[in-house]
Amino acid sequence: MITKPAKGGSLNLVPTGAGEARTLTHDAVSYGSVRFLPNGKRLLAVGIEAGHGGRDYMIDVTSGDSKPITPEGIFGVQISPDGKSAAVRGPDGKLGIWPLEGGGFQPIPGLEPHYAAIAWTPDGGSVYVVPSRGRTKSEIVSRVNVQTGKMEPWKTFGEEMGAGVTALAPPHLSSDGNAYAYLYVRVLSEAYVVNGLK
C-alpha cells in the first residue's frame, strides 16, 4: 500500500502483511494521487515540483526512481486495465487518453470539460465519468467510449438514501465493475415543541 503526507510529499510503501514501511521516493516532487500499474512494479502519480505545473510521473517500486511522463498541465491516474494508458486531464481542462509508453494526448471526442474520469470499463474501451460539479445528493455515472465519445448513462448513486443526505462523493469502482463503494454525508435532526416558556 502507498501512503503520503496529507499535504503531499514523499511516498511511503507500507506492507499489508509482515514487514516494515519504507520511504519510496527521494526527490523534490510533492505527490498527490497515485495508483499501482497492473503488474505492481510501477506507480503512476500526479506530482508537482517547485516552479513547475502538475504532471504525471512513473515511479519504480523497487528503486523509488521517478521520471515525468507527461508535459506540465497534463495529469491523471486512472489507468486502463491493460496498464498501457491513463485517462488524464489536459491543459484546457478536457479529458483524454495518454499512452504510458509514449505518444501524445488524445482527447475524448465531444466530452465537455466538466466531466471527471473515475474508472475504466473492464474491456478498456470506455471510461466511467461523473460531472465534476462538487458534492451533490446523487451522482450520475456515465460510460464514455474513448474512441468515439459516445456517452450512455450507467448508474445513479444516492437516490435511495432518503432524507438527510446533504452530499455524495463519486463512487470508487472495482476493476471488474461489479463492486463499488461511495461516501455520503447524512445530517439527521429532531424538532422539539416546548410548552410553558415565559
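Would you please name the residue that is surrounded by the most Cβ atoms within 10 Å (Cβ to Cβ), looking only at residues in segment 21-42 that are in a strand (DSSP E or B) and among the hydroxyl-bearing types (Ser, Thr, Tyr)? Can you show your working first?
Here is the first cut: in segment 21-42, the ones in a strand (DSSP E or B) are 22-23, 29-36, 42.
Retained after the next criterion (residues that are among the hydroxyl-bearing types (Ser, Thr, Tyr)): 23, 30-31, 33.
Values: THR23: 11, SER30: 18, TYR31: 23, SER33: 15.
By that ranking, first place goes to TYR31.
Take the conditions at pLDDT below 90 and among the hydrophobic types (A, V, I, L, M, F, W, C) and apply them to ILE118. Does it pass? Spell out the reasoning first.
Numbers: at pLDDT below 90: no; among the hydrophobic types (A, V, I, L, M, F, W, C): yes.
Considered against the rule, which asks whether it is at pLDDT below 90 and among the hydrophobic types (A, V, I, L, M, F, W, C), ILE118 comes out as no.
Please specify each residue of segment 120-132 satisfying the condition of being in contact (Cβ under 8 Å) with a residue 40 or more places away in the chain and either of a type outside the set (Phe, Trp, Tyr) or outside the structural domain of LYS150 (by TED's automatic domain parsing) (or both).
We begin by selecting, within segment 120-132, every residue in contact (Cβ under 8 Å) with a residue 40 or more places away in the chain; these are 120-124, 127-128, 130.
THR121, PRO122, ASP123, GLY124, VAL127, VAL130 - these are the residues of segment 120-132 that are in contact (Cβ under 8 Å) with a residue 40 or more places away in the chain and either of a type outside the set (Phe, Trp, Tyr) or outside the structural domain of LYS150 (by TED's automatic domain parsing) (or both).
Looking only at strands (runs of 3 or more DSSP E) that lie completely in segment 48-149, which have at least 3 residues being charged (D, E, K, R)? Walk me through it before giving the result.
On the way: elements: 55-60, 66-68, 75-79, 85-89, 95-99, 115-120, 126-131, 139-145.
Of the strands (runs of 3 or more DSSP E) lying wholly inside segment 48-149, those with at least 3 residues that are charged (D, E, K, R) span 55-60.
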Self-check item: Number of positions in segment 7-20 that are surrounded by 12 or more Cβ atoms within 10 Å (Cβ to Cβ), farther than 16 Å from ARG55 by Cα and of a type outside the set (A, V, I, L, M)
Solution: 1
Quiz item: Is there a residue in segment 154-177 that is at pLDDT 90 or above, outside the structural domain of TYR57 (by TED's automatic domain parsing) and at negative phi?
Solution: yes
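If a residue must be within 20 Å of the chain's Cα centre (by Cα), in contact (Cβ under 8 Å) with a residue 40 or more places away in the chain and under 15 Å from TYR57 (Cβ atoms), how many such residues does segment 5-35 contain? Can you show your working first?
Looking only at segment 5-35, we keep the residues that are within 20 Å of the chain's Cα centre (by Cα), and these are 5-13, 29-35.
With in contact (Cβ under 8 Å) with a residue 40 or more places away in the chain added as a condition, the list becomes 8, 11, 13, 33-35.
Okay, now just the ones that are also under 15 Å from TYR57 (Cβ atoms), so 8, 11, 33-35.
Final tally of qualifying residues: 5.
To keep it simple, each residue is scored yes or no on (1) of a type outside the set (Asp, Glu); (2) crowded, with 18+ Cβ neighbours inside 10 Å; (3) in the same structural domain as VAL146 (by TED's automatic domain parsing); (4) within 14 Å of the chain's Cα centre (by Cα).
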position: GLY51; (1), (2), (3), (4): yes, no, no, no
position: ASP56; (1), (2), (3), (4): no, yes, no, yes
position: GLU101; (1), (2), (3), (4): no, no, no, no
position: ILE118; (1), (2), (3), (4): yes, yes, yes, yes
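Take ARG42 and decide whether it is under 23 Å from VAL88 (Cβ atoms) and either without any contact (Cβ under 8 Å) to a residue 24 or more places away in the chain or in contact with a Lys or Arg (Cβ under 9 Å, 6 or more places away or on another chain) (or both).
Numbers: under 23 Å from VAL88 (Cβ atoms): yes; either without any contact (Cβ under 8 Å) to a residue 24 or more places away in the chain or in contact with a Lys or Arg (Cβ under 9 Å, 6 or more places away or on another chain) (or both): yes.
Taking the combined requirement at face value, the residue satisfies it.
The values are calculated or read from the model by the stated rules, or taken from the named source; none is laboratory data. As the structure is a computational prediction, the values presented were derived from the model and not from experiment. When we count neighbours, we look across all protein chains shown, and the Cβ atoms used for this are built from the backbone with ideal geometry, even at glycine.
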